Amino acid sequence: MINVTKSYLPNINKYKKYVEQIYKSNTLTNNGPLTKELTIKLQEFLDVKNLLLVSNGTLALQIAYKVMGLSNSVITTPFSFIASVSSLVWENLNPKFVDINREDFNISITELEENIIKHNPSAIVPVHVFGNSCRIKEIDEIAKKHNIKVIYDASHTFGVKYQNEPILKFGDVSTISFHATKLFHTAEGGALVIKDDDKFEEAKQMINFGYETGVINKLGINAKMNEFSAALGLCVLDDMNLIYERRKEIWSNYYRKLRDSFDFQKRTPGSTNNYSYFPVLFKNEKDLLKAQGALNKKNIYPRRYFHPSLDTLDFIKHSQICKASRDIASRILCLPIFFDLQKNDQEIIIDTLLKSHFVLL
Ligand SMILES: *Cc1c(COP(=O)(O)O)cnc(C)c1O
């Protein structure tokens, strides 16, 4: 069986060495030595400062909302993983959807400003979907003009650069997920990169019940990363360049062989690619279902990321219908892409897709 993704597992002996360290130090969590080491190494690798490791990417978003003092309405997009909007609802914030651009699948710049005027939000939470950067320059200009915060959900963008700068440097906060299915992972985990030094210190206390050197200083929650996750992260990080090269090969092979028959997400000018996803855009949902069926018959399971469009969920109160998001969500399929996807398996996937496509024509 081949799934859309498969978690990367580093060398087990390397991991065991770290576990032995954990046994020796008897420190299992609470910003232990491995969490500290991973923080330093990630800051170096990603060329950022003020990186705070947490227990998952959803809590990273929730901490970001809290530390930046978000209230009332917040603008985001419906073409994303559920956590980017459910985290807002969970924090009693009021999500207002702005539709996406059909080219890059990210928040539509042309519709952003009118929605800011209409909803008077405290912040925007744009998502860099499939590792493709939002139009950051435009978003930041609009946010500045209206004096509202920007929190980027950068869950998909490990290692991506925008205009030669690390993407996590942008916004008041950028958050990232290190879930097992993501490009870089710690089994469960995530991080915030916070621009303001004081807010960074505040967030550090927040993720540990509001404690500051043993004194309860403020309202907090538990969002700490544990040492076993940090150990896994240290092992995966060592192999990152290898993972990246292999994925680039797979991505490029898909693209070369499918480019004449299908449509794709267009990359935002200035955004690099981290090859974390390979989404294919079909002409319509019928074609997608047919291709998906043909692949399933061969025990291959691509995923309909992101389907359904989040503006169709009835537990999220909002008034907008986002046509572009619904349209893209109905005909997008993410193909299997992971470190050890075998070459002949990839050729079967490509072949099946092309056959299903040409039978339809
Ligand atoms: C994965 C993901 C999250 C949530 O991260 P977890 O670590 O699974 O909690 C949030 N937003 C987006 C866009 C994601 O893909």
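Summary table
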| quantity | calculated |
| --- | --- |
| Entries of K161/K182; K16/K36; K283/K355; K6/K169; K266/K323; K257/K323 with Cα pairs more than 22 Å apart | K6/K169; K257/K323 |
| Relative packing of peptides 61-68, 41-48 - highest average C-beta neighbours within 10 Å first | 61-68, 41-48 |
| Cut-off under 5 Å, modelled amide H: who pairs with E212 long-range | N217 |
| Whole-percent carbon and sulfur share, accessible surface of the range 276-361, 1.4 Å | 56 |
| Mean shadow area of the range 295-361, taken as a quarter of the surface of its Cα convex hull (nm²) | 6.5 |
| Label-point gap, in nm, between N11 and K41 - each point 7 angstrom along Cα→Cβ | 1.2 |
| Other-chain or far-sequence residues with amide H under 5 Å of V150's (modelled H) | I124, D172, V173 |
| Most mobile of S155, S325, S73 in a GNM of the chain (Cα contacts under 10 Å) | S73 |
| Amide proton proximity set for R303, modelled H, under 5 Å, gap of 5+ | C334 |
| Measure of compaction for the range 173-267 (Cα Rg per 2.2 N^0.38 Å) | 1.53 |
| The chain, relative contact order [Cα under 8 Å, separation at least 6], % | 24 |
| For the chain, calculated [θ]222 nm from helices alone, where every DSSP H run of n ≥ 4 adds -39500 (n - 2.57) | -13000 deg cm²/dmol |
| Measure of compaction for the range 220-321 (Cα Rg per 2.2 N^0.38 Å) | 1.47 |
| The chain, Rg to Rh (Cα coordinates; Rh as Kirkwood inverse mean 1/r) | 0.97 |
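The values are calculated or read from the model by the stated rules, or taken from the named source; none is laboratory data. What you are looking at is a predicted structure, and each value in this text was computed from that prediction instead of being measured. Cβ sites come from the backbone with ideal geometry, for glycine too, and all protein chains shown count toward neighbours. Accessible surface is based on the protein model in full, side chains and every heavy atom, while ligands, DNA and RNA are left aside. Shrake-Rupley method; radii C 1.70, N 1.55, O 1.52, S 1.80 Å.
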